[in-house]
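Contents: one structure, followed by commentary.
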Amino acid sequence: MNVCARDDDLDDAKASEPLRHLVVSAAASGQRIDKVLAQLLPQVSRSRIRQWIEQGAVRVNRETPRARDAVIEGDVIEVAPPSAPEALAFAPEPIALDIVHEDESIIVLDKPPGLVVHPGAGNWSGTLLNGLLAHDARLAQVPRAGIVHRLDADTSGLMVVARTIEVQTDLVRQLQARSVLREYWAIVIGAAPPAGTIDAAIGRDPRNPVKFKVSRAPSAREARTSFRRIERVAAGRTELSWLACRLQTGRTHQVRVHLESIGHPLVGDPLYRRGRPLQAPDAAPWTRFARQALHACRLALVHPTRGETLAWFRPPPADLRELMRALGFGRCDRPRDVFE
């Protein structure tokens with residue numbers, strides 16, 4: 001088979017790579033187009049080639065083939081590979097950001113529930129990182145667009161973003177020194193104790209790759225969460241508690257895992273409440289809450305360039321405020337200094 005490549009484009013197809021012109025030889029005559037392309041492009045999987053054909057990124061003599069169509073000697077195959085989803089991971093996208101504070105060094109924002117922080121499998125676009133790159137193109141020069149710590153997609157609340165590598169390094173060091181104050185409000189099932197500290201290492205659950213658990217495995221990492229109960233209410237035969245939690249470490253799913261480990265999983269948590277019997281009627285509002293009831297309400301840190309301590313508070317978003325109101329909890333639009 002003879003192969004030559006030119007850097008031009010199909011008339012009506014947008015190519016993310018140079019267009020490839022492939023001429024079918026006598027040896028390949030009569031074979032299926034997908035098989036011929038698999039031989040010509042061994043670095044590309046057969047399934048990806050079929051996707052290209054289905055997406056119209058492959059033409060034979062300027063016509064769009066089906067994967068099973070045969071080619072004959074002299075046919076010209078044109079391939080314009082479409083962008084892989086991963087190519088969108090670091091593309092700027094205009095996304096509305098609720099910015100609480102912004103200066104030459106940092107951006108503090110209130111992340112809404114449902115917004116993924118980093119691109120990854122299944123979420124290669126539409127993430128906070130994409131929105132940050134659109135907000136400030138200079139963040140493309142900073143690892144992870146300046147993101148220093150993350151929140152789960154369905155957890156809302158305050159995050160800090162660094163605008164330079166030097167500032168990012170300083171904030172990471174503050175996190176490692178455990179001098180950054182991060183407080184979460186959580187609505188949990190059960191009558192939680194008035195106060196406590198959960199000091200238990202966390203590791204990946206070997207039975208579920210997306211889940212974590214309190215673990216004594218050598219690979220588990222130390223984790224420490226302090227909590228104070230703000231209020232307790234009765235919801236039918238079930239009691240619910242409003243907790244303030246402060247992180248002394250920052251492990252994946254830390255608050256969710258730690259509270260579940262002491263028998264108080266988060267209301268609405270799709271991953272860590274599974275299997276727990278509910279003693280409230282189906283009509284109870286908390287049984288229908290569609291995400292984990294967790295909000296990062298307070299953040300405090302030393303400004304990396306000015307040296308002053310700055311602090312911010314943001315009340316829960318509308319869905320969580322409505323839940324708390326329906327359950328009879330008190331006002332949640334201002335800080336509760338239960339750790340003082």
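The values are calculated or read from the model by the stated rules, or taken from the named source; none is laboratory data. This one's a predicted model, so the numbers in the text were calculated from it and none came from an experiment. Note: ideal-geometry Cβ built from the backbone for every residue, glycine included; neighbour counts use all protein chains shown.
Overview of values
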| item | result |
| --- | --- |
| Residue satisfying all of: in the stretch 140-149; more than 18 Å from the chain's Cα centre (by Cα) and either modelled with pLDDT of 95 or more or assigned to a helix (DSSP H, G or I) (or both); nearest to Ile165 (Cα to Cα) among these | Gln141 |
| Some residue of the stretch 274-282 being part of a loop (DSSP other than H, G, I, E, B), modelled with pLDDT of 95 or more and at negative phi | no |
| Hits in the stretch 234-271 (condition: among the β-branched types (Val, Ile, Thr) and surrounded by 23 or more Cβ atoms within 10 Å (Cβ to Cβ)) | Val255, Val257, Val267 |
| Residues satisfying the stated conditions in the stretch 294-313, i.e. under 25 Å from Arg173 (Cβ atoms), touching a Lys or Arg at 6+ places or on another chain (Cβ under 9 Å) and not hydrophobic (A, V, I, L, M, F, W, C) | Arg298 |
| Which numbered condition Val188 misses (of (1) of a type outside the set (S, T, N, Q); (2) at pLDDT 95 or above; (3) in a helix (DSSP H, G or I)) | (3) |
| Scan of the stretch 101-128 for residues that are in contact (Cβ under 8 Å) with a residue 40 or more places away in the chain and of a type in the set (A, V, I, L, M, F, W, C), ordered by number | Ile106, Ile107, Val108, Leu109, Val117 |
| Index of the failed condition, Pro209 passing every other in (1) free of Cβ contacts under 8 Å to residues at least 12 places away in the same chain; (2) over 19 Å from the mean Cα position of the chain (by Cα) | (2) |
| Criterion: among the β-branched types (Val, Ile, Thr), in the same structural domain as Thr225 (by TED's automatic domain parsing) and farther than 23 Å from Thr164 by Cα - qualifying residue of Val338, Val302 | Val338 |
| Single residue of Val210, Val172 found to be at pLDDT below 95, under 26 Å from Phe289 (Cβ atoms) and surrounded by fewer than 16 Cβ atoms within 10 Å (Cβ to Cβ) | Val210 |
| Which listed residue, of Ala235, Ala217, Ala223, is within 27 Å of the chain's Cα centre (by Cα), modelled with pLDDT under 95 and among the hydrophobic types (A, V, I, L, M, F, W, C) | Ala217 |
| Number of positions in the stretch 36-64 that are free of Cβ contacts under 8 Å to residues at least 40 places away in the same chain, buried (at least 16 other Cβ atoms within 10 Å of the Cβ) and more than 30 Å from the chain's Cα centre (by Cα) | 6 |
| Phe339 being in contact (Cβ under 8 Å) with a residue 60 or more places away in the chain, more than 26 Å from the chain's Cα centre (by Cα) and closer than 27 Å to His101 by Cβ | yes |
| Failed item, numbered, when Arg20 is tested on (1) at pLDDT below 85; (2) in contact with a Gly (Cβ under 8 Å, 6 or more places away or on another chain) | (2) |
| Residue match in the stretch 326-340 (condition: surrounded by fewer than 21 Cβ atoms within 10 Å (Cβ to Cβ), modelled with pLDDT under 95 and under 19 Å from Arg178 (Cβ atoms)) | yes |
| Unique residue being over 23 Å from the mean Cα position of the chain (by Cα) and either over 21 Å from Pro317 (Cα atoms) or not in a loop (DSSP other than H, G, I, E, B) (or both) when the list is Ala91, Ala67 | Ala67 |
| Selection within the stretch 230-261 - in contact (Cβ under 8 Å) with a residue 12 or more places away in the chain, hydrophobic (A, V, I, L, M, F, W, C), out of contact with any Phe, Trp or Tyr (no Cβ under 7 Å at 6 or more places or on another chain) and not in a helix (DSSP H, G or I) | Leu247 |
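Listed here are the residues, each with its yes/no results for (1) of a type in the set (Asp, Glu); (2) part of a loop (DSSP other than H, G, I, E, B).
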| site | (1), (2) |
| --- | --- |
| Val100 | no, no |
| Asp110 | yes, no |
| Leu115 | no, yes |
| His118 | no, yes |
| Ser125 | no, yes |
| Asn130 | no, no |
| Leu151 | no, yes |
